[in-house]
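First the structure, in the form of structure tokens, and then the observations on it.
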């Protein structure tokens, strides 16, 4: 149908047109020669909350400036009864269509924009990029319908204020700044299944942008969004951060080892104590750090302790001092800190100012976040019973009390501080007239809390992470993985989705990121290669209570007949950690790969993330400093041709890391040497020279046949060795 578009905005990159007679819009990406737009007559602007939405039609357009070359289009939309109206203004800014919603005398609580027109089908190669945690790529193909409403910065909502849609090889990126915008996203199955996205604006949300990026994919979007994140002040790289806190460099390459609940005191919702259990004394915590240092010979650890507070983990906050006597009290906690630090590790304490409990000595309703009717805002039910949210402004006041963070600094002197949930919980509102907050206010006060904690201890981290928090933190815990899965609640397989490290394509050189919660190491091979593909270290959060290596199993599971081995990285037959417990084997193997990789890439971002096979399970990551990682998530061996190592065959869950002075390999063929079953080797230059020129190369052998072809010689190394300096027989 040839639609008569009466009004058009146009520049060299984009053109936007409106038809009053057909209630239609069209956005043309000139570089891609691609059109977006709604079918004529379809409804694309709606007003009101979900259950009471009313469609609006375009009634009139007023041109700003020269009618032949307008600067803006001012549009009036009305409902069928002309009881509700909405003013929208459209402008162009470079590659972007800017949309401004203007409230008139009829008022509105929520408006949905582009309910029709932002669609991409299977036949058009449709895909969507959603920045949920690290990032998710969802194809239009798929048998299951999808319907998601994703809030800006909410828990497993959008961790960046953007989304992208791909069609016919072209990229469209939507961006905004207001946390009162939600993305509505769907997939409609069928003969030509398609994706749809639209935007719901409420409260203070009044604008968004649609960027036509020309031909491209997620790499194109990442390049564009890196620039935007820098302009917004979110992209603060380590090259700048380290000027103020050079000690943060100790986080590079450090694994996150966490004893979550030193003391677990369980209190029911009636505030009756049910049980008290000590999982680790402070003495045992120090012994564990020394075990990691001396027995596993690990140099880079962020040693994280929870449940040290006066009443135990998640109990009677914000009254945290003195340290609980069950685990050893202040003196033993301070001694623990000194012993951990003597290992060269970074010592971190876990605290919480989001939650407050009625049985806390400092309990006062004046601190609590209030709902619209003035009632107390309830949080979750945790070990300490029913929690209530503190207002973010009051949380900062509580943290600043002399008996809180200042006293922890004086008594324990940790290297950094972790305040739980600060970034995990979505932006909040408080309706207490003494400290009312909008979502924007909540973000500002949480940023202030982060900055204050960082000023006291020198470094700061919190749960999950969001783009706005990057300049205010040194590490995020929970963004990379949750309980050994990609997400907490979402299931990528059910969405036919692929997880991609889009967050790290923007921020890898700005923030340290870990996962969170417990898992079974014998099921973690997929997550190990996921972390390798991101250049991130692992998190070890659920070792057994006490001196864990004395009680953990030493059994190595049988090798699977099909070669697909979820327990691959717990293995140590003929290798360094043979005879050690399962957790120690897993920690040693994974940290020997991921620690050096992360140290090499912490000040680089992911420049490319490419799929190498039809299943999109084999991936190659290229960092901005040239380090490359290949991982095989398929169920079959994958053959790579490499310049340095010749033909390399990655086993299922295998990997290859290539950097000038470091290499890691898990597979069945490397450097002209075949293996009957997977092997793990890493090579590290110890004299600063590239591997092919180095005279001191440390070889680590994790498992499998202990023979490696090195510079034309077969070398047998069961644990580790400094390799001979003989020159290779061929270049």
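Checking the condition surrounded by fewer than 22 Cβ atoms within 10 Å (Cβ to Cβ) and either over 23 Å from the mean Cα position of the chain (by Cα) or assigned by TED's automatic domain parsing to the domain that holds residue 598 (or both), which residue from 209, 240, 156 passes?
Numbers: 240 fails: either over 23 Å from the mean Cα position of the chain (by Cα) or assigned by TED's automatic domain parsing to the domain that holds residue 598 (or both); 156 fails: either over 23 Å from the mean Cα position of the chain (by Cα) or assigned by TED's automatic domain parsing to the domain that holds residue 598 (or both).
Going through 209, 240, 156 in turn, the sole match is 209.
Of the conditions (1) without any contact (Cβ under 8 Å) to a residue 40 or more places away in the chain; (2) part of a loop (DSSP other than H, G, I, E, B); (3) surrounded by 17 or more Cβ atoms within 10 Å (Cβ to Cβ), residue 190 fails just one. Which one is it?
Going through (1) without any contact (Cβ under 8 Å) to a residue 40 or more places away in the chain; (2) part of a loop (DSSP other than H, G, I, E, B); (3) surrounded by 17 or more Cβ atoms within 10 Å (Cβ to Cβ) one by one, residue 190 breaks only (3).
Considering only the stretch 478-486, I want to know if a residue exists there that is crowded, with 20+ Cβ neighbours inside 10 Å, in a helix (DSSP H, G or I) and within 21 Å of the chain's Cα centre (by Cα).
For the stretch 478-486, residues crowded, with 20+ Cβ neighbours inside 10 Å, in a helix (DSSP H, G or I) and within 21 Å of the chain's Cα centre (by Cα): absent.
Being over 30 Å from residue 542 (Cα atoms), in contact (Cβ under 8 Å) with a residue 12 or more places away in the chain and in contact with a helix residue (DSSP H, G or I) (Cβ under 7 Å, 6 or more places away or on another chain) narrows it down to one of 259, 236, so name that one. So that I can check it myself, show each step before the final result.
Working: 259 fails: over 30 Å from residue 542 (Cα atoms).
From the options 259, 236, the qualifying one is 236.
How about the stretch 347-362: which of its residues are in a strand (DSSP E or B) and farther than 18 Å from residue 280 by Cβ? Before you say what the answer is, go through the steps one by one.
First pass over the stretch 347-362, keeping only residues in a strand (DSSP E or B): 347-352, 355-357.
Across the stretch 347-362, the qualifying residues are 352, 355, 356, 357.
I'd like to know if the stretch 537-545 contains one or more residues that are farther than 15 Å from residue 298 by Cβ and surrounded by 21 or more Cβ atoms within 10 Å (Cβ to Cβ).
yes
Being surrounded by fewer than 19 Cβ atoms within 10 Å (Cβ to Cβ), out of contact with any helix residue (DSSP H, G or I) (no Cβ under 7 Å at 6 or more places or on another chain) and farther than 30 Å from residue 300 by Cβ is the filter here, so list the residues in the stretch 389-415 that pass it.
Passing the criteria: 397, 401, 402, 403.
Checking the structure you have, find out if any residue of the stretch 167-178 is part of a loop (DSSP other than H, G, I, E, B), surrounded by fewer than 23 Cβ atoms within 10 Å (Cβ to Cβ) and without any contact (Cβ under 8 Å) to a residue 12 or more places away in the chain.
Within the stretch 167-178, the first condition is being part of a loop (DSSP other than H, G, I, E, B), and the residues that meet it are 168-169, 176-178.
From the residues that got through so far, the ones that are surrounded by fewer than 23 Cβ atoms within 10 Å (Cβ to Cβ) too are 168-169, 176-178.
In the following step, the residues that additionally are without any contact (Cβ under 8 Å) to a residue 12 or more places away in the chain were identified as none.
Scanning the stretch 167-178 turns up no residue that is part of a loop (DSSP other than H, G, I, E, B), surrounded by fewer than 23 Cβ atoms within 10 Å (Cβ to Cβ) and without any contact (Cβ under 8 Å) to a residue 12 or more places away in the chain.
For the condition under 31 Å from the mean Cα position of the chain (by Cα) and either assigned to a helix (DSSP H, G or I) or more than 30 Å from residue 247 (Cα to Cα) (or both), what is the one hit in 515, 575, 563, 579?
Details: 515 fails: either assigned to a helix (DSSP H, G or I) or more than 30 Å from residue 247 (Cα to Cα) (or both); 575 fails: under 31 Å from the mean Cα position of the chain (by Cα); 579 fails: under 31 Å from the mean Cα position of the chain (by Cα).
Just a single option satisfies the conditions, and that option is 563.
Kindly indicate whether residue 682 is under 30 Å from residue 238 (Cα atoms) and free of Cβ contacts under 8 Å to residues at least 24 places away in the same chain.
On the way: under 30 Å from residue 238 (Cα atoms): yes; free of Cβ contacts under 8 Å to residues at least 24 places away in the same chain: no.
Taking the combined requirement at face value, the residue does not satisfy it.
Is it the case, given these coordinates, that residue 62 is modelled with pLDDT of 95 or more and within 25 Å of residue 182 (Cβ to Cβ)?
Working: modelled with pLDDT of 95 or more: yes; within 25 Å of residue 182 (Cβ to Cβ): no.
Against the criterion (modelled with pLDDT of 95 or more and within 25 Å of residue 182 (Cβ to Cβ)), residue 62 does not qualify.
Take residue 664 and decide whether it is at pLDDT 95 or above, under 16 Å from residue 594 (Cα atoms) and assigned to a strand (DSSP E or B).
On the way: at pLDDT 95 or above: yes; under 16 Å from residue 594 (Cα atoms): yes; assigned to a strand (DSSP E or B): yes.
It is true that residue 664 is at pLDDT 95 or above, under 16 Å from residue 594 (Cα atoms) and assigned to a strand (DSSP E or B).
If residue 68 passes every condition in (1) out of contact with any strand residue (DSSP E or B) (no Cβ under 9 Å at 6 or more places or on another chain); (2) crowded, with 20+ Cβ neighbours inside 10 Å but one, which one does it miss?
In the conditions (1) out of contact with any strand residue (DSSP E or B) (no Cβ under 9 Å at 6 or more places or on another chain); (2) crowded, with 20+ Cβ neighbours inside 10 Å, residue 68 misses (2) alone.
Out of the stretch 619-635, which residues are over 21 Å from the mean Cα position of the chain (by Cα) and either under 15 Å from residue 529 (Cα atoms) or modelled with pLDDT under 95 (or both)?
Scanning the stretch 619-635 gives 632, 634, 635.
Within the bounds of the stretch 104-121, is there any residue that is surrounded by fewer than 23 Cβ atoms within 10 Å (Cβ to Cβ), within 19 Å of residue 498 (Cα to Cα) and modelled with pLDDT of 95 or more?
Yes.
I want to confirm something. Restricting to the stretch 34-55 and keeping residues that are within 34 Å of the chain's Cα centre (by Cα) and surrounded by fewer than 19 Cβ atoms within 10 Å (Cβ to Cβ), which single residue is farthest from residue 73 (Cα to Cα)?
That would be 51.
Please verify whether the stretch 321-342 includes one or more residues that are buried (at least 20 other Cβ atoms within 10 Å of the Cβ), assigned to a strand (DSSP E or B) and either touching a helix residue (DSSP H, G or I) at 6+ places or on another chain (Cβ under 6 Å) or in the same structural domain as residue 541 (by TED's automatic domain parsing) (or both).
no
Regarding the stretch 5-27, can at least one residue be identified that is free of Cβ contacts under 8 Å to residues at least 12 places away in the same chain and either in a loop (DSSP other than H, G, I, E, B) or surrounded by 15 or more Cβ atoms within 10 Å (Cβ to Cβ) (or both)?
Initially, the stretch 5-27 is screened for residues free of Cβ contacts under 8 Å to residues at least 12 places away in the same chain, giving none.
No - not one qualifying residue is present in the stretch 5-27.
Go through (1) outside any loop (DSSP other than H, G, I, E, B); (2) under 20 Å from residue 418 (Cα atoms); (3) more than 30 Å from the chain's Cα centre (by Cα) one by one and return the number of the condition residue 303 breaks.
Failing condition for residue 303: (3).
Look through 338, 358 and report the one residue that is without any contact (Cβ under 8 Å) to a residue 40 or more places away in the chain, touching a strand residue (DSSP E or B) at 6+ places or on another chain (Cβ under 9 Å) and farther than 18 Å from residue 402 by Cα.
On the way: 358 fails: without any contact (Cβ under 8 Å) to a residue 40 or more places away in the chain.
Step by step, each of 338, 358 is checked, and only 338 is without any contact (Cβ under 8 Å) to a residue 40 or more places away in the chain, touching a strand residue (DSSP E or B) at 6+ places or on another chain (Cβ under 9 Å) and farther than 18 Å from residue 402 by Cα.
Return only the number of the condition from (1) out of contact with any helix residue (DSSP H, G or I) (no Cβ under 8 Å at 6 or more places or on another chain); (2) buried (at least 19 other Cβ atoms within 10 Å of the Cβ) that residue 474 does not satisfy.
(1)
Taking residue 600, is it touching a strand residue (DSSP E or B) at 6+ places or on another chain (Cβ under 6 Å) and surrounded by fewer than 22 Cβ atoms within 10 Å (Cβ to Cβ)? Give the steps one after another, and end with the answer.
Working: touching a strand residue (DSSP E or B) at 6+ places or on another chain (Cβ under 6 Å): yes; surrounded by fewer than 22 Cβ atoms within 10 Å (Cβ to Cβ): yes.
Judged against the criteria, residue 600 is a match.
The values are calculated or read from the model by the stated rules, or taken from the named source; none is laboratory data. Bear in mind the structure is a predicted one, so any value in this text is a computation, not a measurement. FYI the Cβ positions are ideal-geometry reconstructions off the backbone, even for glycines, and counts take in every protein chain you see.
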